[in-house]
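Where a number appears in this text, it was derived from the coordinates with a stated rule and is not lab data. Just so you know, these numbers come straight off a predicted model, no measurement behind them. Cβ atoms come from the backbone with ideal geometry, glycine included; neighbour counts cover every protein chain shown.
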Amino acid sequence: MKKVILVILHLFFLSVAGWAQTVAVSQISGTVKDQSGALLPGVEVKVTQTETAYTRTVVTNESGAYALPNLPVGPYRLEAALPGFSTYVQTGIVLQVNTNPAIHVVLSVGAVSEQIEVQADAAMVETRSTGIGQVINQEQVLELPLNGRQVSQLITLSGAANDFVPTSAGQSLVSNKNYPTVSAFSIAGGQGGQTLFLVDGGINMDPVSNVGLPLPFPDALREFKVETSSLPANYGTQPGGVVNVVTKSGTNQFHGAGFEFLRNYALNARNFFAPRRDSLKRHQFGGVIGGPIVKDKLFFFAGYQGTYEKVSPAANINFVHTAATLQGDFTGIAACAGRNLNAPFQGNRVDPSFLNPVALKLLAMIPTANDPCGRIVYGIPNSNHENQFVGRGDWQVNPQQSLFTRYFFTDYQHAPYLKDNLLTMSTDASVGLKDRVQTVVFGHTFVINTNTLSSLRAGFSRASVIRYSPDKVPTPAQLGASVTQAVPNYLFFNVQSYFAVSCQNCSPGPWVSNNWQLSEDLNLVRGAHQISIGGNWVHSQLNAFGNFSRNGNFTFNGQFSGNALADFMLGRPSSFTQNNGQVGAERLDIPSLYVQDNIRLNSHLTANVGLRWDPYLAPYQAEHHASIFDMGWYNEGRRSKVFPNAPAGTLFDGDEGMPGHSYYFGSWGKFAPRLGLIFDPRGKGQETIRAGYGIFYGITPLFLQNGTHAPWANPVNIPSPVGGLSNPYQEYPGGNPYPVPSTLPATTQFPTFGGGLGVFKLHPEPTYMEQWNLALQKQLADDWMVSATYLGNRTLHLQIGEALNSAVYIPGNCAAGTYGLTAAGACSNTANINFRRRLYLANPSQAQYYSGLTNFGDGGNANYNGLLLSVQHRFGHNYSLTANHTWSHCLNENEVALNGGGSGQDPDNRHGEYGNCLSDRQHAFNLTAVVRTPTFSRTWMQKLLGNWQESTIFTKATGTPSSASLGTDNSLTGGGDRPNLVRNPTLSEPTISRWLDTSAFVRPAVGTYGNSGRGVIRGPGAWNVDVALSRTFPITEAQKIDLRFEAFNLFNHTRFGNPNTIWNSPTFGQILTARDPRIMQVALKYAF
């Protein structure tokens, strides 16, 4: 049945002629009346795009109404003619992406040959849609100061949008699995992977984590719009919001520019925490050109930007060993941490002969700290370059048909650096990268008749990320650990609160994703109805191989000695994991159909009614590596026939009951209604009251399925290995299970206490968001508009980690042999976690093959309420201004990260995770302005004061939340714990050395969970001013040179990061990071 439906969908898309960038265009609608106010049917209304001579014509209906949908953005001339009346002509109209201005025409009695010309732009008020949005126009894209010339920075200026705050290490939506300039934004409470990015109507997404692919450089873009809440039914796949981008195209006049932006450390300030300024040297250069190939028919546009950068930032802070600790003296380290070492280490001293040789070999590759607390500050030299190219062609075949295609290419190269400090390989910025993104969109527009238009678009995107490490990086085996070396030049040691060597996103390997897209829209105007019928199909692919745990990963949290650094030097890890690699061959089909009807009920009231069909199809595994653990199967003792030695409860691709090559069963019957009302009190398009409601479904990031599935990855998880750092497999049943054969026989043996099995509900519900809004807009005079908008939503069925096999704390003392104890003592400790897991306590013989099992559940919830106030002055009288203030609050139970969102500390109390969203900024204010000097009548004044321009971005926002964590497994259940909160931790006068009252957090009783909630610590707010000042020097009427100066963080105001929130860290409650200081650059641009 599924195949039949998919075939029908494919035939539907391919059978419709034409193309449309239905979401990268605009619309004009309105009414035509005579001077007495009577509506005039039969009036011919013609619009002409003045840059390309593109023309469209319609005739008013019996109600005197007209609509011209799907118009390319740009400047227009409108004409309205009817025998017996003078021809009405309006110029100066500028259409912006996905706007729907109303232009009402009044005809005067006279001859058609007579013209009445009006110079006026279209109304600014939205009269056709209940969606909430803000256009960032071409002037803002080109003239506002952009740090690094990244256009995506402007998204937050739209209001109700925040930079998405990454989750803990290894879970961030944006990492080295993605191209460096991908985008993750939270719009109106949506999560970072819930924003849809479109460029020229083509999907511009990385399916690895559902973030936006890089955008072309500013000179290649025309404008973009950020939208959210109650959008029409042609929008879907991501519920949070939409970023809709339009690239430049050629016109009937040749135009172009060449530019050079230069940055040098000599102009920059020092980062607050750095001992010196960085050594930044950056060159960004390139140019664009566009024009006609055949006038009024065929146009081209092309552009290139190169970026070459070298820098050695000096603000990396870690805590490492000292000369004293190398002699076994941890007195200074313990004093800084505020906690003595546990018994038997009296006086915070350790016999140096007990120090682990593997640890000492690693420390020999890290500088010894002179600071008594082990604090060191160092730089990670960074050398990279990027090349971008964009090309576009537009062809007006005839008055009914037009074609366009656009290609974008960007390539990023980053060389890793390692000389005498292994810590320089400890962050995402350390790894070597060879990255490339390519996108292409093609389309053809067909005007069937004056009231029917068909549109189709086809697109493809590819993101390729290749990670590699320098040759000098050792492996654990090369340091002396008795583990299998599967990958050269990679290791991972995490000494919590002190340092990490390498990172979770630094392992060598490829990450390649593809998106194929085909979509169709048929737009019909029938009387008072404007109907859109269409559909969309996307096919996503992920091909990857993750090596993160192939050489074995060691974590040290201080549970043995009370200090993580001491645990490391003693060779006592809190956990050890290893696997045979993550095989990613994930595929996902995303079909959808929709119908939308915008009904003009009368001159004052318009209704939006829509319905979208969004079937929830499950991703599938092209290499047939899908496996599922199901608790019902486990309780039944159900076993696999594909791998007979697999433990009960786990089935594989080919077993009866499995959903084909997938991980769960999808659902075809998912429908998303949309409803809205627009009230125009005076019927003039100058003010509106809008209200809307809609349901929006989300899709699954492909990395969620890219788990370490047994038996291919053969994952092993050993808590507190008895053999320690030197030999973690010393008492592991069966010994070291690696290497794993490349071809697995059906008789493959499964490891004891293996982890990482795919655990999905067989019939999950898709994530969806209910949205509602109420908006008031009013245009003041010709160029001012004010608005007030309430935005509300709630998200249901967020993917959330659900611990199915957590350990149970057993109080008291027990005899040797009980619960896996090797000697009499406490019944619960960190070494016997696997023997106290719920499944093992009920059925040891079967459960001995399972360690932690995290179900990718569908029970998460979130909600958002916000008030958005804005004022806008479009460019006129030599200036433009946009300002907005958002007052909002976002709450949820989890953040959907790369692994689907970690499980909460208490598996039996999911609501205990309900707290502030990580992206929650309760107040955010943005202001942008572009000001030009006027033309002076006196020559000397014009030479001195003329042709100057200043542009400013001012932002101010409250801080983002974070959660306190203990840093140790205090509950002894194998999860992450939070402390108890005994009073309000907020200080009246916080400092960076004591941002919060650390004494408000205390360790809970052993075996219990802390009561401190998620997001209870609020980081510092910040304000910032970026400025650009430029002077234009005309050469001829058509040529000019611009000299430009830009300053980012003009006043060098320190914008601190969030404090360290790990309770057992020596820097708990301290702020150790800050964003960029003042950075300046100069630029020269030639334009014609």
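Rounded to 0.05, the FRET efficiency of the K297 and T452 pair, given R0 = 25 Å and the Cβ-Cβ distance, is 0.55. Compared with the alpha-carbon gap, the fully stretched path from E770 to S482 is longer by 98.3 nm at 0.36 nm per residue.
So between H539 and N398, what do we pick up on full extension, going 0.36 nm a residue minus the alpha carbon distance?
47.5 nm
Report summary: the helix-based calculation at 222 nm, which adds -39500 (n - 2.57) for every DSSP H run with n ≥ 4 and divides by the residues of the chain, gives -1500 deg cm²/dmol.
Each part gets one Cα centre, and for segment 263-329 versus segment 711-734 those centres are 42 Å apart. When the Cα positions of M365, I187, F499 are compared along the charge dipole of the chain, M365 comes out farthest toward the positive end, with charges on each C-beta of Lys, Arg, Asp and Glu.
The alpha carbon radius of gyration of segment 463-585, expressed as a multiple of 2.2 N^0.38 Å, is 1.75.
Compute the label zone of E731 within segment 811-845: residues whose backbone N is under 12 Å from the point 7 Å along Cα-to-Cβ. Counting only backbone N, you get 816-825, 830-833. Placing a label point 7 Å from the Cα of N878 along the Cα-to-Cβ direction, the residues of segment 1025-1044 whose backbone N falls under 15 Å of that point are 1030-1032. Of the residues F652, M569, N834, the one whose Cα sits farthest toward the positive end of the charge dipole of the chain, with +1 on the Cβ of Lys and Arg and -1 on the Cβ of Asp and Glu, is M569. Measure nothing fancy, just the Cα-based angle from helix 2-15's long axis to the longest principal axis of the chain, in degrees from 0 to 90, nearest 10. Helix 2-15 and the main axis of the chain meet at about 30 degrees. Shape call for segment 97-154 from the C-alpha gyration tensor, a ≥ b ≥ c root eigenvalues: rounded (a/c under 1.5), prolate (a/b greater than b/c) or oblate? It comes out oblate by the Cα gyration axes.
Summed over all non-identical Cα pairs, the Kirkwood treatment of segment 904-1087 gives a radius of 20.3 Å. Cα centroids of segment 46-94 and segment 809-823: how far apart, whole angstrom? Segment 46-94 and segment 809-823 have Cα centres spaced 84 Å from each other.
Computed from the Kirkwood radius of its Cα pairs, the Stokes-Einstein diffusion coefficient for segment 807-846 at 4 °C and 1.567 mPa s stands at 129 µm²/s. Label separation (K281 vs S108): 6.7 nm, computed from points 7 Å beyond Cα along the C-beta direction. Let me make sure I get this right: for segment 993-1058, a, b and c are the square roots of the gyration tensor eigenvalues over alpha carbons, sorted descending. Under 1.5 in a/c it's rounded, otherwise prolate if a/b > b/c, else oblate. Which is it? The shape class here is prolate.
You can think of it this way: the chain between L611 and R462 has 50.5 nm of extra reach, that is 0.36 nm per residue less the Cα-Cα gap.
For the chain, relative contact order (Cα pairs under 8 Å, six or more residues apart, normalised by length) works out to 10 percent.
Cross-link partners among lysines for K46, C-alpha distance below 29 Å, same-chain residues fewer than 8 apart left out? Counting by Cα, and skipping residues close in sequence, K46 has these lysines nearby: K33, K225, K248, K295, K297, K684, K778.
Classify segment 235-307: rounded, prolate or oblate, from the alpha-carbon gyration tensor (a ≥ b ≥ c, eigenvalue square roots; a/c under 1.5 rounded; otherwise prolate if a/b is larger than b/c)? Can you show the working numbers first?
Working: a/c = 5.26, a/b = 1.60, b/c = 3.29.
Verdict is oblate for segment 235-307.
Can you give the Rg/Rh ratio of the chain, where Rg is from the C-alpha atoms and Rh is the Kirkwood radius? The Rg/Rh ratio comes out at 0.99.
With R₀ fixed at 35 Å, the C-beta to C-beta distance from S312 to H923 puts the FRET efficiency at about 0.45.
Model label points for A53 and L780, set 7 angstrom from Cα along the Cα-to-Cβ axis, are 4.3 nm apart. With the simple spin-label model, which puts each label point 7 Å out from Cα in the Cβ direction, the L987 to A826 separation comes to 3.1 nm. Only Lys, Arg, Asp and Glu carry charge here, each on its Cβ (+1 for the first two, -1 for the last two); on that basis segment 968-1029 has a dipole of about 180 debye about its Cα centre. For segment 761-892, the relative contact order works out to 29 percent when only alpha carbon pairs closer than 8 Å and six or more residues apart are counted.
A convex hull fitted around the alpha carbon atoms of segment 402-449 yields 57 Å³ per residue.
For the chain, the Cβ-based charge dipole about the Cα centre amounts to some 1200 debye (Lys, Arg positive; Asp, Glu negative; other atoms uncharged). Quick check for you: which residues of segment 1054-1070 have the amide N under 20 Å from the point 7 Å beyond the Cα of V1002 toward its beta carbon? Within reach of a label on V1002, which here means backbone N under 20 Å from a point 7 Å along Cα→Cβ, segment 1054-1070 contributes 1062-1065, 1068-1069.
For T1036 and L944, FRET efficiency with R0 = 30 Å and r from the beta-carbon atoms, rounded to 0.05?
Efficiency at R0 = 30 Å is approximately 0.90.
Please arrange T968, T1036 by how many other C-beta atoms lie within 10 Å of their C-beta, fewest to most. Fewest-to-most ranking of T968, T1036: T1036, T968. This model, with +1 at the C-beta of Lys and Arg and -1 at the C-beta of Asp and Glu, gives segment 337-406 a dipole about its Cα centre of some 140 debye.
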